[in-house]
């Protein structure tokens, strides 16, 4: 199954991204041989490496999309900081960069002090969790250029993170050292991250109507609260491996496009495949939503992380030590499969065999 | 006249910025003595310096606010890139950093390929003008979280720029070397930059009604086109001085808050004043708007750049050489005044004496 065959309306998005990349590429020459020289292509918009003498800086930008509506509906603002940080630093660390600093921009319609306070408290908490400093920011009042749900402050929130190539590395981790026989370790996600919320909201709206967020998810939790579950930030997990000197050959941060887009981009570097027959199962909330929305499993794996937030490729000989280090760092990890010859990512779940190709 | 006395509704904005800064400050410790250590306070949200070994990186984030509505009204999209680049790199260069790379995030309601193409072409043109590389970006579809004028693609656009401390400098340019007797050189702006557009739009709406942008400004230009005039990017001007080894003691990028906020922040470092009796006069479009909106001159100088986009403080002995270098770099510059004892910025214009304090 390819993206093109899946019937998703992503062609225009890809065309626009390609356009933006093409214009960007025509500015690379401006820094050639100078400070800020681009040392890694940015095809796909992932973490890039910039060279400043011997210092190798990674940079990644992203926002948290429409997950913000969950906060507006639930009036809970102090968790989104984890989502924002995860989106940017986990892209960085997937390239072997230790995230060091972030800036952030909050676009609002009208300011509300307490909402800003909640957002920034959460970003502070997340940054302290991940050892990152907030070294800049901007709050912009944009009036009716910003919309949202309900009568609270509406906002959009994005961030740029920078980091330094991990001292144990000679070059970014980009998949080029992956070999057949390598193992694939999966880090379990905590739930939805900041992707796939347009589909989630559509399903909830169709199922429960406008006030879907106040419907009970279980005895203690509303659907709104459940779907707001903050992202687990994975950068400390990866750093625990790099700090121990383990060889890591490839890392995929599972965001929009799911395992298909994100893992295949890594495997493509050397043209190998992977057989994933022991992934973490989808969280119950994902299974419920899939059922409510009658979403094909293949499509669910394209939109959502389905329980697996990051995939790590490393030599089989390092697998046990890696699992032990990840456990010590309080992450749930398991060997999810291995690298094989071929061109496909085979995902085997209890209910269905998925074969994702590129 | 202080900001507090001016009657502007900026208190809530300041409180929110202060809140965000306080949360940020509590994350600085995370990088103390490590890569990404903050070497400059970020009070005020200006360019900060991060240390990576001997490499000193500056970072600045900003957006172009509601000037975007002018592009939506005029359906001209290829000039906003200059505004976006100017907002971030001119903050960086005001700290003595040579801007090297930018990332950018375009939040859209629904994608339109040609609009993205226009925006990115403009950013490309601006980056080539300023010698900067676009090294990352993101386009996010956010549906009704993004509003705007008319039926085209609505969007908000922000950027983070990074740069390296100019090789001629031991520390960032922050005003701490300013001395009484230094001269103040002004760089003429091209028109409005990306600040003060809420006031501009209010005046236009009140004067001409909903379709104000199609009203004639002069025989050849509509008001919409006139107000869309792109920002002049000043970083090449400043770099021309630094590259020649000139000592520059302080630089103010005149954005929101005008000369009052932005120049006084620089003068405050050593507690001196400035007498500006030879500023560039406000552009005609600013004078017209001021008259149409019955805006007090003091207030106009707080909201708008009034013809002066950047103020540079340097020793009197370097003034002639600086003016010559700036002319060679195709910028319009003049000695606008000098640094004096005291606590006030005195602005003398043809029509009124303004005294701005902090």
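Go through (1) modelled with pLDDT of 95 or more; (2) more than 24 Å from residue B:290 (Cα to Cα); (3) in a loop (DSSP other than H, G, I, E, B) for residue B:193 and report which single condition fails.
The failed condition is (2).
In region A:49-70, what residues are more than 7 Å from chain B (Cβ to nearest Cβ) and touching a helix residue (DSSP H, G or I) at 6+ places or on another chain (Cβ under 6 Å)?
Once the filter is applied, which keeps residues that are more than 7 Å from chain B (Cβ to nearest Cβ) and touching a helix residue (DSSP H, G or I) at 6+ places or on another chain (Cβ under 6 Å), region A:49-70 yields A:58, A:64, A:67, A:70.
Please go through region A:126-174 and pick out each residue that is surrounded by fewer than 22 Cβ atoms within 10 Å (Cβ to Cβ), under 19 Å from residue A:236 (Cβ atoms) and at the interface with chain B (Cβ under 9 Å from one of its Cβ atoms).
A:128, A:131, A:167
Which residues, counting only those in region B:88-107, are more than 9 Å from chain A (Cβ to nearest Cβ) and out of contact with any helix residue (DSSP H, G or I) (no Cβ under 8 Å at 6 or more places or on another chain)?
Hits for region B:88-107 are B:88, B:91, B:95, B:97.
If I filter region B:14-37 down to residues being crowded, with 18+ Cβ neighbours inside 10 Å and touching a helix residue (DSSP H, G or I) at 6+ places or on another chain (Cβ under 8 Å), which single residue comes out as farthest from the other protein chains (Cβ to nearest Cβ)?
B:37
Just one of (1) part of a strand (DSSP E or B); (2) within 28 Å of residue B:51 (Cα to Cα) trips up residue B:185, so point out which.
Unmet for residue B:185, out of (1) part of a strand (DSSP E or B); (2) within 28 Å of residue B:51 (Cα to Cα): (2).
Are any of the residues in region A:189-205 in contact with a strand residue (DSSP E or B) (Cβ under 6 Å, 6 or more places away or on another chain) and either buried (at least 22 other Cβ atoms within 10 Å of the Cβ) or closer than 29 Å to residue A:283 by Cα (or both)?
yes
If a residue has to be in a loop (DSSP other than H, G, I, E, B) and touching a helix residue (DSSP H, G or I) at 6+ places or on another chain (Cβ under 7 Å) to count, how many in region A:155-168 make the cut?
Final tally of qualifying residues: 2.
If you go through region A:108-125, how many residues are part of a helix (DSSP H, G or I), touching a strand residue (DSSP E or B) at 6+ places or on another chain (Cβ under 9 Å) and at the interface with chain B (Cβ under 8 Å from one of its Cβ atoms)?
4
From the residues in region A:269-317 that are in contact with a strand residue (DSSP E or B) (Cβ under 7 Å, 6 or more places away or on another chain), touching a residue at least 60 places away in the same chain (Cβ under 8 Å) and in a helix (DSSP H, G or I), which one is surrounded by the fewest Cβ atoms within 10 Å (Cβ to Cβ)?
Filtering region A:269-317 for residues that are in contact with a strand residue (DSSP E or B) (Cβ under 7 Å, 6 or more places away or on another chain), touching a residue at least 60 places away in the same chain (Cβ under 8 Å) and in a helix (DSSP H, G or I), the one surrounded by the fewest Cβ atoms within 10 Å (Cβ to Cβ) comes out as A:316.
Going through region B:215-242 one residue at a time, which ones are more than 22 Å from the chain's Cα centre (by Cα), in contact (Cβ under 8 Å) with a residue 60 or more places away in the chain and either loosely packed, with under 14 Cβ neighbours inside 10 Å or more than 19 Å from residue B:307 (Cα to Cα) (or both)?
Selection gives B:222 alone.
Of the numbered conditions (1) crowded, with 20+ Cβ neighbours inside 10 Å; (2) without any contact (Cβ under 8 Å) to a residue 60 or more places away in the chain; (3) over 30 Å from residue B:216 (Cβ atoms), residue B:320 fails exactly one; give the number of that condition.
Result: residue B:320 passes all but (1).
The values are calculated or read from the model by the stated rules, or taken from the named source; none is laboratory data. What you are looking at is a predicted structure, and each value in this text was computed from that prediction instead of being measured. All Cβ positions, glycine included, derive from the backbone under ideal geometry; neighbour counts span all protein chains shown.
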